[in-house]
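Below is one structure; the comments refer to it alone.
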Amino acid sequence: MRVINLIAHSSSLILSLRNIVIRGSKLVPQWLLDLSQPQATLGAGIMTFFGAIAAVLLGWWLFSGKVRDIKSALDTTDRLLTDHQSRVQLSLADIEEKLSSLTASTAQIRADVSDRQALDEELASEPEGQDEIPELSFEDLASNWLRIRDRLEEIASDSQIDGRTAAKYSRIDRRKYADLVASLNRDDELGEKGPQFLEAAQIWASHRSRKKDPTQSVIQRMVDLALLLAPA
């Protein structure tokens, strides 16, 4: 409807101009002076049509370059965001691995201090001047347990284990090594020696506080387990 009104308005304008120039100028071409109402309407329609085409072409020329620039900018932004996300994920994975390693080391140090404290207390309680002990002592029990315990920590912190699993092991209370053995055994990290590791952990848990003295058979069993599980 707007186009029709525009054409009608244009034809009226052409006729008005023709009437004006007829009265005021002899320089206007004769063919323009001879235009009838239908011819003026047709001419106005043609002018409007070509004007619309020209406007479309002009708009395309003005804005096509900007559209391409915007698309290029969006593609570049998306690529930069993807690269940044990849770098962040790699950094987080590296941080998680380092934290797991640090936690495992801290747990091992804490356990080592606790176990060696028990061993030092035993050494301090021994009579002075006693150079040789014919029988096995608590020191033998503790030293062989330390070998087994170090082997457990070595397995739990193996570099082949993924970071999350290693972190799970490091969070286990080292005052209860039976829990660590059970977790490693569930993950099939101990192979066929799981029961022997558990036995060693239970023997140590029963005697580390010295509430009851270990028998010779118990100490000898710990020595045998150390030879089996953590050979020198």
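Of note:
- Long-range neighbours under 9 Å by Cβ, at least six apart or interchain, first residue closer than 20 Å to Asp162 by Cβ within segment 74-99, second among the basic types (Lys, Arg): Glu96/Arg164
- Flag: Ser114 does not match the condition of being modelled with pLDDT under 75, hydroxyl-bearing (Ser, Thr, Tyr), assigned to a helix (DSSP H, G or I) and in contact with a Ser or Thr (Cβ under 7 Å, 6 or more places away or on another chain).
The values are calculated or read from the model by the stated rules, or taken from the named source; none is laboratory data. All figures in this text were calculated on a predicted structure; none of them were measured in a lab. Note that each Cβ is placed from the backbone with ideal geometry, even for glycine, and that neighbours are counted across all protein chains shown.
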